[in-house]
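Structure, as structure tokens:
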Amino acid sequence: MTYQNIVILTGAGISAESGLSTFRDEGGLWAKHRIEDVATPEAFIKNPDLVQGFYNARRRQLQDVTPNGAHLALAKLEKEHSGPVTIITQNVDDLHERALSHNVIHMHGELSKVRCTQCGRVQLWLGDCTQDKACSACGKSPALRPYIVWFGELPYYMDRIHGLLGQCDLFISIGTSGTVYPAAGFVADVQKAGYAHTLEINLEPSAGISYFAEARFGKAGDLVPVLVDELLGK
Ligand code: NAD
């Protein structure tokens, strides 16, 4: 079977083998903080220094990690496949870009950027961000917040994503637990559209497993390169 229009949803599991912890990893950054304390708009209003500190630590971690075989294989797929390949990622790391994938949609934002709450400007930010730093566009401070979609906020690019889900003929989900909406509902949307093959790659069955036509269980770093070779007919 050959496919033309491929859409891939990635989650924290694809970056786990690079050394970035998923939500569930024991001892990871997430294990040390409650979501309500660091990943909601209310948390930022209540304790901006704590929230900035949490994302500063995650941003610093990016310097110590590199893309793994799964990220690299998806970049190869984009380069060598004859049709469009789009990655929709829930991840805020930049490992897809560093593997040289170009067609990447960051629906939950990006660690390497900040957004001005006063003028809306999004800018690249590779170091620590603190409340005393001013926005380079409007000059105000405190004004900068992590360019991250927190719980209770709307993900970015949803119109574009729904268009893609309705048009693809292969939908692949990699390393996501299927518990955070709206991403968890994408496979059901694809299924409703009616003609795409759906494939899950994960360590274990996700919460949305019953919506997938096919599933492969194991590490993304092992399974994704094999899948990409299959799709490229190698
Ligand atoms: P999650 O932590 O809920 O689930 C991760 C899934 O990946 C699990 O089902 C797990 O079994 C699987 N997994 C773990 N290691 C794997 C491997 N080596 N190969 C294949 N699968 C593996 O993550 P999620 O579903 O992406 O959850 C939601 C939220 O977590 C998102 O909002 C995302 O923004 C955030 N998050 C992002 C990062 C990142 O940017 N790297 C890291 C942690 C959390």
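The values are calculated or read from the model by the stated rules, or taken from the named source; none is laboratory data. This one's a predicted model, so the numbers in the text were calculated from it and none came from an experiment. Backbone-built Cβ (ideal geometry, glycine too); neighbour counts: all protein chains shown.
Under the condition of being under 23 Å from Tyr157 (Cβ atoms) and either touching a Pro at 6+ places or on another chain (Cβ under 6 Å) or among the hydroxyl-bearing types (Ser, Thr, Tyr) (or both), which residue from the stretch 196-234 is farthest from the ligand (Cβ to nearest atom)? So, considering only residues that are under 23 Å from Tyr157 (Cβ atoms) and either touching a Pro at 6+ places or on another chain (Cβ under 6 Å) or among the hydroxyl-bearing types (Ser, Thr, Tyr) (or both), the one farthest from the ligand (Cβ to nearest atom) is Thr198.
Which one of Tyr195, Tyr156 is closer than 30 Å to Met1 by Cα, part of a loop (DSSP other than H, G, I, E, B) and of a type in the set (Ser, Thr, Tyr)?
Tyr195
In the stretch 187-213, the residues that are at pLDDT below 95 form Cβ pairs under 9 Å with partners that are more than 15 Å from the ligand (Cβ to nearest atom) and of a type in the set (Phe, Trp, Tyr), at six or more places apart or across chains, as follows: Gln191/Phe171. A Cβ distance below 8 Å, combined with a sequence gap of six or more or placement on separate chains, defines the contacts here; from the stretch 29-57, residues that are surrounded by fewer than 13 Cβ atoms within 10 Å (Cβ to Cβ) reach residues that are at pLDDT 95 or above and polar (S, T, N, Q) in the pairs Asp49/Thr130; Asp49/Gln131. From the list Leu100, Leu62, Leu72, the lone residue that is part of a loop (DSSP other than H, G, I, E, B) and either surrounded by fewer than 22 Cβ atoms within 10 Å (Cβ to Cβ) or at pLDDT below 95 (or both) is Leu100. Thr86 meets the stated requirement of being crowded, with 17+ Cβ neighbours inside 10 Å, among the hydroxyl-bearing types (Ser, Thr, Tyr) and either assigned to a helix (DSSP H, G or I) or away from the ligand (no atom under 11 Å from the Cβ) (or both).
Can you tell me which residue is surrounded by the most Cβ atoms within 10 Å (Cβ to Cβ) among those in the stretch 203-234 that are of a type in the set (D, E, K, R) and in a loop (DSSP other than H, G, I, E, B)? In this case the residue turns out to be Lys219.
Search the stretch 7-20 for residues being among the polar types (S, T, N, Q) and more than 6 Å from the ligand (Cβ to nearest atom), and hand back the single one that is surrounded by the fewest Cβ atoms within 10 Å (Cβ to Cβ).
So in the stretch 7-20, the residues among the polar types (S, T, N, Q) come out as 10, 15, 18.
Those still in the list that are more than 6 Å from the ligand (Cβ to nearest atom) too: 10, 18.
Values: Thr10: 28, Ser18: 21.
That would be Ser18.
Here Gly175 does not fit the description of being more than 11 Å from the ligand (Cβ to nearest atom) and not β-branched (Val, Ile, Thr).
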